[in-house]
Amino acid sequence: MRIARRRAAALGPAAADVEFTEADVEAQGFAPGSFDVVLSRWGLMFAVDHVAAFAGLRRVLRPGGALAAAVWGPAPDAPVMALGFAALSGVLDLPPVAPGTPGPFSMSDPAVLASELRAAGFSDVSVEGTRVPFTFHSASEYVRFTRAVAPPLLFDRIRERFGSPDAREAWGAVEVAVGRFRTGAGDVRIPSAVLYVRAANPAIPANSGNAANPEEPANPGDVR
């Protein structure tokens with residue numbers, strides 16, 4: 001939250017009315033129907049219970065309000081996130097991540113993601129895939145990016161193995177691994193799969209048969 005506040009302050013008057021709150025995604029403490037829109041960029045995948053998290057977000061949306069989010073596609077198709085962690089896992093001899101574990105790729109299956117959104121009561125569900133061309137000025141910049149998004153536990157493992165969380169043996173492996181994405185100009189370009197999500201909190205028309213059960217989705221939506 002400290003970083004978010006600093007970035008907002010840099011925007012000056014444009015962000016003067018922005019408020020920051022730290023809360024659990026499943027129980028944020030906001031009143032029902034508090035928001036018109038909920039936005040998330042690469043954050044929802046870390047929820048422990050996806051359906052409960054989505055239900056919590058739907059609760060704070062007004063009827064007809066929208067959820068819009070970006071999550072990562074499958075790990076093999078999203079090397080901008082997967083490559084650095086794979087390199088570190090190899091150096092540290094880490095076991096594979098167990099299925100169902102919260103993490104960057106826990107929402108990478110479009111069909112499952114859409115089903116979870118509907119189970120939480122959302123309607124008009126749409127999950128669309130695309131590829132985003134992430135660009136870094138150098139391999140070193142990609143290493144800094146990987147450090148910025150790495151969980152504290154990973155730094156602990158590096159410290160345990162090499163005596164320092166900054167050990168060259170660990171981060172040098174990331175720099176070597178990303179070398180295959182270096183262009184002739186010297187920068188690093190890593191196209192990666194992203195899923196764009198949109199879903200609505202069902203509106204409840206006055207004469208709707210769903211008025212007694214607003215949890216029931218009005219439209220099954222689509223997955224693309």
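The values are calculated or read from the model by the stated rules, or taken from the named source; none is laboratory data. Keep in mind that this is a model prediction, so the values were computed, not measured. Cβ: placed from backbone, ideal geometry, glycine included. Neighbour counts: every protein chain shown. Areas reflect the complete protein model, heavy atoms only, side chains present, ligands, DNA and RNA absent. Shrake-Rupley method; radii C 1.70, N 1.55, O 1.52, S 1.80 Å.
How about the range 1-44: which chymotrypsin sites (Phe, Trp or Tyr not before Pro) there are in a DSSP loop, with at most 16 other Cβ atoms within 10 Å of their Cβ? Passing both the DSSP loop test and the Cβ count: Phe20, Phe30, Trp42.
When the surface is traced with a 1.4 Å probe over the full set of protein chains, Tyr196 keeps roughly 110 Å² accessible. For the range 1-149, the carbon plus sulfur part of the accessible surface works out to 58%, probe radius 1.4 Å. A straight chain from Leu11 to Trp42 at 0.36 nm per residue would run longer than the Cα-Cα distance by 9.0 nm.
Placing +1 on each Lys and Arg Cβ and -1 on each Asp and Glu Cβ, with no other charges, gives the range 1-101 a dipole about its Cα centre of roughly 300 debye.
Spin-label model, Glu141/Ala4: points 7 Å from Cα along the beta carbon direction are separated by 2.6 nm. Taking the helices alone, the chain has a mean residue ellipticity at 222 nm of -10000 deg cm²/dmol, built from -39,500 (n - 2.57) per DSSP H run of at least 4 residues and averaged over all its residues. Hydrophobic long helices, here whole DSSP H runs in the chain with Kyte-Doolittle means of at least -1.0 and Cα atoms spread over 18 Å or more along the helix axis, are found at 79-92. In the range 1-120, taking the dipole from charged Cβ atoms about the Cα centre, the farthest positive-side position among Gln28, Ala15, Ala66 is held by Ala15.
Charges were assigned to the Cβ only: +1 to each Lys and Arg, -1 to each Asp and Glu. The resulting dipole of the range 1-53 about its Cα centre is roughly 400 debye.
DSSP beta bridges fully contained in the chain are about 70 percent antiparallel. Count Lys and Arg as plus one, Asp and Glu as minus one, and take only other residues whose Cβ is under 11 Å from that of Glu141; the net charge is then 0. The accessible area of Trp171, taken with all protein chains in place and a 1.4 Å probe, comes to roughly 10 Å².
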